[in-house]
Each structure stands twice: as C-alpha cells, then as structure tokens.
Amino acid sequence: DAPDALAGLNTSVRAALTTTRQTVMPGLQDANCLSRLSQFIRAAGFVDGGIGFSSQALETPPSTLEYIGIIATNDFFVQVQGANNGGVKGVAGKLYGYRATANADIFAALVQSEVLSA
C-alpha cells in the first residue's frame, strides 16, 4: 500500500522479504534480505497532502531471471512497517523461483548458511 497523503505529516511504508525472521526492518546490506521497498511522502510544513503515486510489476517474469538468493528452508518472511498513516498498511508481491535438488551435504550447508546469517 502507498503511504497516506496527510497534510502536514511525513508518512511512509516500508517492506522487506527475508529468508529468516527479523526483529527490525532489514536493509539490502543484510545477508538474508532478498528485497526491500520504501515509499515516503514528505508533507511536513505543507497545507495539502501532496500527490499520490503507484507502482506496478510485470504480470509475468522476464525471460531470464537474475540470481538474487537461495531460500534453503520452507520459510520466508515478509515485514511491513508504516509511519504516521491513517490506517493499517499491507504489501503484495510476487516471488519467482526455481526448485532445485541437492544431496544431503549441500542441503545441510545451505540451511546452515541461511540460519547463521540471521
């Protein structure tokens, strides 16, 4: 969701997709953060709420996908944080991936790497 345009208030919505549970909003500098979104409306000092905005992703993935990261366990986590908005905010997205097979040693190393990066 976009931040609310409220006169005189700075508002924001931030979201992240991570491979491990987080206690604070992560950034892309964190090893287990695969994606991050930040939207801000800077309206402090203005008499109106500014202008709205929107963003939209592709309906289908591009023909070649860049490597971003590996999710080695059954879990991934989405965090949403809003500030000064009039209501609760949410996030929607698509996650494209490939299913792979690995022997027990490789799988154990991937899981250990994911868990230790938390």
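The numbers here are math on the coordinates, done by the rules we state, and not lab data. These numbers were taken from a predicted model, which means no experiment stands behind them. Every residue, glycine among them, receives a Cβ derived from its backbone with ideal geometry; neighbour counts consider all protein chains shown.
Can you tell me, using C-alpha contacts under 8 Å and at least 6 residues apart, the relative contact order of the chain as a whole percent? List each step's numbers first, then the result.
Working: 182 pairs, mean separation 42.4, N = 118.
Result for the chain is 36 percent.
Grab the other residues whose beta carbon is less than 12 angstrom from that of Val80, score K and R as +1, D and E as -1, and report the net. Working shown, then result.
On the way: positive: Arg14, Arg36, Lys89; negative: Asp1.
After counting each charged neighbour, the total is +2.
From helices alone, the chain scores -3500 deg cm²/dmol at 222 nm; the rule is -39500 (n - 2.57) for each run of n ≥ 4 DSSP H residues, then divide by the residue total.
What is the sum of charges around Gly27, taking Lys and Arg as +1, Asp and Glu as -1, for the other residues whose C-beta is under 15 Å from the C-beta of Gly27? List each step's numbers first, then the result.
On the way: positive: Arg14, Arg36; negative: Asp30.
Residues near Gly27 contribute +1 overall.
Ranked by how many other Cβ atoms sit within 10 Å of their own Cβ, fewest first, the residues Phe40, Phe76 fall in the order Phe40, Phe76. Consider all pairwise Cα distances in the chain and report the whole-number % of them above 19 Å. Here the tail beyond 19 Å accounts for 58 percent of pairs. Where is the GNM fluctuation largest for the chain (alpha-carbon springs, 10 angstrom cutoff): Ile71, Ile41, Ile106? In this elastic network of the chain, the residue with the biggest mean-square fluctuation among Ile71, Ile41, Ile106 is Ile106. On the beta carbon distance between Ile106 and Ser38, with R0 = 35 Å, the FRET formula returns roughly 0.50. Of Tyr67, Tyr96, the sequence from fewest to most neighbouring Cβ atoms within 10 angstrom is Tyr67, Tyr96.
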